[in-house]
Amino acid sequence: MEFHFDVGSPNAYLAHRVIPAIERRTGATFRYVPILLGGVFKATGNRSPGETFKGIRNKPEYERLETERFIRKHGLTRFTRNPFFPVNTLQLMRGAAAAEIDGDLPRYVEAVFHHMWEEPKKMDEPDVVRAALDASGLDGARFSERIQDPAVKARLAGNTEASVARRTFGAPTFFVGDDIFFGKDRLRDVEEAILAGGAP
């Protein structure tokens, strides 16, 4: 089970908050795979919902309604819309790639999602990011160094290219084996696929 994510996606945050319950119910463990959503869009010709829904009567309102229903259904009371959205996540996702290499991805993801979608900040400002990571018990100065490492940049680029090669076109995207599922609203299908496969 894989969760391909970019922390700039509110839907990825919402999925992240629901995944632990799925893991408890199924015994499965999701592997988090950091990808750069901007890179995915460029590679696939996709655009953000804010662009694609612009000018379409009633659709943006409906999408917000569906998000509110999802939040109520799962009791996600900490979610707060980020007033600085959309945020350029290149540095943050390089940080995620560094954390993946360093074996500290869960703590990093938890911290960054918190500062993006629970206590929202302008998380594309280097000083803001460093302070946020320090406040969460991570090393903001080391983050600033690690994201300059060519191996870190290559990891994020490689993750993104490999995800697109597996048919990803946006985030959040999930894989159960080779089966792809897109969007937080497919998590029920993801759980059913896990149970049908019988393999955590």
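Taking the residues in region 141-184 that are outside any strand (DSSP E or B) and in contact with an Asp or Glu (Cβ under 7 Å, 6 or more places away or on another chain) as candidates, determine which candidate is surrounded by the fewest Cβ atoms within 10 Å (Cβ to Cβ). Among them, the one singled out is 155. The set of residues in region 60-117 being surrounded by 14 or more Cβ atoms within 10 Å (Cβ to Cβ), of a type in the set (Ser, Thr, Tyr) and farther than 16 Å from residue 7 by Cβ consists of 67 alone. Quick check: anything in region 105-121 touching a Phe, Trp or Tyr at 6+ places or on another chain (Cβ under 9 Å) and farther than 24 Å from residue 30 by Cβ? Yes, region 105-121 contains a residue that is touching a Phe, Trp or Tyr at 6+ places or on another chain (Cβ under 9 Å) and farther than 24 Å from residue 30 by Cβ. Among the residues of region 27-55, write down those that are over 15 Å from residue 85 (Cβ atoms), at pLDDT below 90 and in a loop (DSSP other than H, G, I, E, B). Once the filter is applied, which keeps residues that are over 15 Å from residue 85 (Cβ atoms), at pLDDT below 90 and in a loop (DSSP other than H, G, I, E, B), region 27-55 yields 47, 55. Cβ-Cβ contacts under 6 Å between residues 6 or more apart (or on different chains), taken from a first residue in region 63-89 that is farther than 15 Å from residue 116 by Cα to a second residue that is surrounded by 11 or more Cβ atoms within 10 Å (Cβ to Cβ) and not small (Gly, Ala, Ser), are listed as 71/79; 74/18. Enumerate the pairs (first residue in region 13-38 and acidic (Asp, Glu); second residue anywhere and not in a helix (DSSP H, G or I)) with beta-carbon separation below 7 Å, excluding pairs fewer than 6 apart on the same chain, so at least 6 apart or on different chains. So the pair list comes out as 23/29; 23/30.
Of all residues in region 130-140, those satisfying the criterion of being without any contact (Cβ under 8 Å) to a residue 24 or more places away in the chain, surrounded by fewer than 18 Cβ atoms within 10 Å (Cβ to Cβ) and among the small types (Gly, Ala, Ser) are 131, 135.
Residue 83 meets the conditions (1) under 18 Å from residue 13 (Cβ atoms); (2) in a helix (DSSP H, G or I) in every case but one. The failed one is (2).
Please determine, by comparing only the residues of region 39-62 that are β-branched (Val, Ile, Thr) and in contact (Cβ under 8 Å) with a residue 24 or more places away in the chain, which one is farthest from residue 125 (Cα to Cα). It comes out as 44.
The values are calculated or read from the model by the stated rules, or taken from the named source; none is laboratory data. Computed from a predicted structure; not experimentally measured. As a convention, Cβ positions derive from the backbone with ideal geometry for all residues, glycine included, and neighbour counts pool all protein chains shown.
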